[in-house]
Amino acid sequence: MALLAIEGLSVGFAREGRFARVIPDLTYSVEAGETLGIVGESGSGKSVHALALLGLLPQPPGRILGGRAVFDGHDLLAMPEARLRDLRGGRIGMIFQDPMTALNPVLTIGRQIAEPLIRHKAMSMRQALDRATDLLALVGIRDGARRLSQYPHEFSGGMRQRVMIAIAISCEPALLIADEPTTALDVTVQGQILDLMAELRDRLRMTMVWITHDMGVVAGIADTIQVMYAGRIMERGPVNAVFASPRSAYTYGLLQSLPHGARPPGGRLMQIPGAPPDMFAPTPGDPFAPRNPFATPRCHREAPPLRAVEDSVAGHMVAAWYDLPRLLA
Amino acid sequence: MGRFLLSRLGDGIVAIWGVVTIVFVVSRLLGDPAILLLPVGATEEQLQALRAGLGLDRPIWEQYVTFLGGALRGDFGQSFQFMRPALSVVLERMPATMALAGSALLVGVVLGCVAGSMAALFRGTIVEGVVMLLALLGQATPVFWLGLLLILLFAVDLGLLPTGGYDGPMSLVLPALTLGTFTTASIARLLRSGMLDVMKDDHVRTARAKGLLPGTVFLWHIARNSLIPVVTMVGILAGELLGGSVVTETVFSWPGVGRLIVQAMEAKDFPVVQAGVMVIATIFVVINLFVDLLYGLLDPRIRARR
Ligand SMILES: Nc1ncnc2c1ncn2[C@@H]1O[C@H](COP(=O)(O)OP(=O)(O)O)[C@@H](O)[C@H]1O
Ligand SMILES: [Mg+2]
């Protein structure tokens, strides 16, 4: 059964008197126990849709225009703020991109880890701090009892992200949403955080939505990959199937820009030319068409629906009018 | 931290010395106190004798050195008007000044924080508009005018409070409100803009992502972080309240140091002027040392840097 099912989510932004539908109409679901990797260039609506789910979207300028997001049988978008608050940090954890700014600079690490435990698990400050020491050990920070009384500026970027992870998993969430948790980190630290999160996921049996712009990261951690562009799903399916036989030119482009070795065999190295579309000036048709060397006239006129790929791999879906394997052959 | 405070203490002492020196120089430019002190028609001999008695006949640098030496020992000489040690004349007025400045500061901090928080919490609504308009008025209204207005309203028309004087807590209310208005307005505006900035910070989103209650988010993740500039502002305003209360003290016949200094200037009573300025400057320095200390307590990053 799907732990999270998003149906027809639509989010817009007002800016300088103009309005952009950044997420036009998004539908997808995540099964319990599944790790979904959402990939796309920056600006494709990955963060905005996640924030919208949790009621964290700044409104204004943002606005949720419609849709449902059913978590464990209840619509997150329809429930009162107080109930959503009970879920946030409790059954749904979230980790953000920039660990340098995500922690409060003037409160101790201990207090910041203790807060959700006090809020959701009805612990006393003392109990919560005890638990925080264990959590620090769990995320690989030694000497936790001493470090609890330290402040964020006494931690490196990688260590701060470990603290953020400790906060997010403190109440053992069923669903963990990680929004580019490794993007701001050094490459070596990225690998460590990735391994840590994979380990914690297995240990705590968390369902995970992992947002990134890096195909390589998805390959390492996700079961299912969902490629997004301009707020739409371009392709989605089991990681192996999508990597072996991408059906969207955008997925293909992202895979081609990976370093050697991670690339599917036979592909030529290419950069995706052009820039993501201006969401305030939408064009008809497939939003990727202007950058797509394989685009057909129909791509420029009409937006393709998301449909099943005829490769008999369950769950492999694509939104494209063209047949990429045939064009590549 | 200790070394930092020590160096700030050094700065403070230099500042006090500077202020006192300026006052010494200025007061010597104001004219001859001997003429004022003696009755009209006094002979040149009598004037000379008085000047010699006061040490005013000696070279200015010698007077300065004597003065500094005395100041170090707390001896500013005899008040020309009261014929008593100048410092004790000033210190007698301190309780009145402290009561007024202290309550004005309390009014300013409490009302300013409440008003600033309201404006930030209800941003974009009529509440913010009204608070900001009042704050702007509060900063722009001349103190004497506000004081007279309050006297007319609460003392003359409604008869609720005394028009002036220094007896009992009731007589403190109007002067404290008058003097505290500027502080209230300044803190309200500063806190509002500080809070609006902090509200946009990533760590506030983290706090909300933890599911914390709105009150917790506001107190611990917004207000707590916005206090630092307010504390700095309090340090600056404290000087304003202590020294700048002259107008308020005059309007309400409040026997404070500010009014004493002005009266002493008119009477060319240099020792009292000098002692008064020195006391005010010292308190100002002490308050700012305290502010520096508080600053470190509020912001661990500053503590670490020192
Ligand atoms: N606060 C905001 N105001 C206006 N537009 C915004 C805001 N936040 C995001 N957007 C727009 O929403 C779109 C999606 O952004 P985002 O979800 O952050 O992308 P990403 O996929 O990189 O996470 C972008 O076009 C961005 O310009
Ligand atoms: Mg993002």
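A single entry from A:206, A:197 fulfils the requirement of being under 19 Å from the mean Cα position of the chain (by Cα) and modelled with pLDDT under 90: A:197. Among (1) at pLDDT 90 or above; (2) within 16 Å of ligand 2 (Cβ to nearest atom), where does residue A:98 come up short? With respect to (1) at pLDDT 90 or above; (2) within 16 Å of ligand 2 (Cβ to nearest atom), residue A:98 is out only on (1). Whenever a residue of the range B:137-151 is exposed (fewer than 13 other Cβ atoms within 10 Å of the Cβ), it has no partner that is part of a helix (DSSP H, G or I) lying with C-beta atoms less than 7 angstrom away and at least six residues away or across chains. The condition of being aliphatic (A, V, I, L, M), under 26 Å from residue B:249 (Cα atoms) and outside the structural domain of residue B:287 (by TED's automatic domain parsing) holds for only one of B:37, B:47, B:68, B:54, that being B:37. Residue B:239 passes every criterion in (1) farther than 30 Å from residue A:108 by Cα; (2) buried (at least 18 other Cβ atoms within 10 Å of the Cβ); (3) not hydroxyl-bearing (Ser, Thr, Tyr) apart from (2). For the range A:277-293, a residue qualifies if it is crowded, with 18+ Cβ neighbours inside 10 Å and either touching a Leu at 6+ places or on another chain (Cβ under 8 Å) or not in a helix (DSSP H, G or I) (or both), and the qualifying residues are A:277, A:279, A:285, A:286, A:287, A:288, A:292. Any residue at all in the range A:84-91 that is buried (at least 16 other Cβ atoms within 10 Å of the Cβ) and more than 9 Å from every other protein chain (Cβ to nearest Cβ)? Yes, that holds for at least one residue.
Could you list all residues from the range A:113-142 that are part of a loop (DSSP other than H, G, I, E, B), within 14 Å of residue A:166 (Cβ to Cβ) and open to solvent by 70 Å² or more (accessible area, probe 1.4 Å)?
Going through the range A:113-142, the residues part of a loop (DSSP other than H, G, I, E, B) turn out to be A:122-124, A:139-142.
Of the ones still in play, those that are also within 14 Å of residue A:166 (Cβ to Cβ) are A:139-142.
Of everything in the range A:113-142, just one residue is part of a loop (DSSP other than H, G, I, E, B), within 14 Å of residue A:166 (Cβ to Cβ) and open to solvent by 70 Å² or more (accessible area, probe 1.4 Å), namely A:142.
Among what's in the range B:21-76 and is in contact with an Asp or Glu (Cβ under 8 Å, 6 or more places away or on another chain) and within 24 Å of residue B:261 (Cβ to Cβ), pick the residue that is least open to solvent (accessible area, probe 1.4 Å). Ranking the qualifying residues of the range B:21-76, first place goes to B:33.
Of all the criteria given as (1) open to solvent by less than 10 Å² (accessible area, probe 1.4 Å); (2) within 16 Å of ligand 2 (Cβ to nearest atom); (3) farther than 23 Å from residue A:54 by Cα, the one not satisfied by residue A:185 is (1).
Candidates A:164, A:159, A:208: the one that is more than 14 Å from chain B (Cβ to nearest Cβ) and either open to solvent by less than 40 Å² (accessible area, probe 1.4 Å) or not in a helix (DSSP H, G or I) (or both) is A:208. Among the residues of the range B:116-168, those identified as of a type in the set (Gly, Ala, Ser) and assigned to a loop (DSSP other than H, G, I, E, B) are B:124, B:159, B:164, B:165, B:168.
Out of curiosity, is residue B:197 within 14 Å of another protein chain (Cβ to nearest Cβ), surrounded by fewer than 24 Cβ atoms within 10 Å (Cβ to Cβ) and in contact with an Asp or Glu (Cβ under 7 Å, 6 or more places away or on another chain)?
On the way: within 14 Å of another protein chain (Cβ to nearest Cβ): yes; surrounded by fewer than 24 Cβ atoms within 10 Å (Cβ to Cβ): yes; in contact with an Asp or Glu (Cβ under 7 Å, 6 or more places away or on another chain): no.
Judged against the criteria, residue B:197 is not a match.
Please work out if residue A:119 is more than 16 Å from ligand 1 (Cβ to nearest atom), charged (D, E, K, R) and in contact (Cβ under 8 Å) with a residue 40 or more places away in the chain.
Numbers: more than 16 Å from ligand 1 (Cβ to nearest atom): yes; charged (D, E, K, R): yes; in contact (Cβ under 8 Å) with a residue 40 or more places away in the chain: no.
Criteria not met by residue A:119.
Report whether or not residue B:206 is open to solvent by less than 10 Å² (accessible area, probe 1.4 Å) and hydroxyl-bearing (Ser, Thr, Tyr). The answer is yes for residue B:206. Can you pull out every residue in the range A:187-205 that is assigned to a helix (DSSP H, G or I) and among the charged types (D, E, K, R)? Matches in the range A:187-205: A:195, A:199, A:201, A:202, A:203. Evaluated against (1) over 20 Å from residue A:26 (Cβ atoms); (2) at pLDDT 85 or above; (3) within 16 Å of ligand 2 (Cβ to nearest atom), residue A:180 falls short on exactly one condition, (1).
So, in the range A:167-186, exactly how many residues are more than 16 Å from ligand 1 (Cβ to nearest atom), outside any strand (DSSP E or B) and over 22 Å from residue A:129 (Cβ atoms)?
First, the residues of the range A:167-186 that are more than 16 Å from ligand 1 (Cβ to nearest atom): A:167-176, A:185-186.
Within this subset, residues satisfying the condition of being outside any strand (DSSP E or B) are A:167-174, A:185-186.
Right, trim to over 22 Å from residue A:129 (Cβ atoms) and you get A:174, A:185-186.
Residues in the range A:167-186 being more than 16 Å from ligand 1 (Cβ to nearest atom), outside any strand (DSSP E or B) and over 22 Å from residue A:129 (Cβ atoms): 3 in total.
Helices (runs of 4 or more DSSP H) wholly in the range B:19-108 with at least 1 residues that are in contact with a Leu (Cβ under 7 Å, 6 or more places away or on another chain) and not basic (Lys, Arg) - which ones? Full working, then the answer.
On the way: elements: B:33-37, B:44-54, B:60-72.
Helices (runs of 4 or more DSSP H) meeting the threshold: B:33-37, B:44-54.
Looking across A:69, A:50, one residue alone is within 16 Å of ligand 2 (Cβ to nearest atom) and touching a strand residue (DSSP E or B) at 6+ places or on another chain (Cβ under 6 Å). It is A:50. All of B:257, B:247, B:286 fail the test of being out of contact with any strand residue (DSSP E or B) (no Cβ under 9 Å at 6 or more places or on another chain) and either small (Gly, Ala, Ser) or open to solvent by less than 20 Å² (accessible area, probe 1.4 Å) (or both), apart from B:257. Of B:294, B:298, B:212, B:219, all but one fail to be within 14 Å of another protein chain (Cβ to nearest Cβ), farther than 30 Å from residue B:125 by Cβ and either open to solvent by 10 Å² or more (accessible area, probe 1.4 Å) or among the aliphatic types (A, V, I, L, M) (or both); the exception is B:294.
The values are calculated or read from the model by the stated rules, or taken from the named source; none is laboratory data. Quantities reported herein were computed from a predicted structural model and do not represent experimental measurements. No Cβ is skipped: glycine too gets one built from the backbone with ideal geometry, and neighbour counts run over all protein chains shown. The area values use the complete protein model at the heavy-atom level, side chains included, leaving out ligands, DNA and RNA. Shrake-Rupley method; radii C 1.70, N 1.55, O 1.52, S 1.80 Å.
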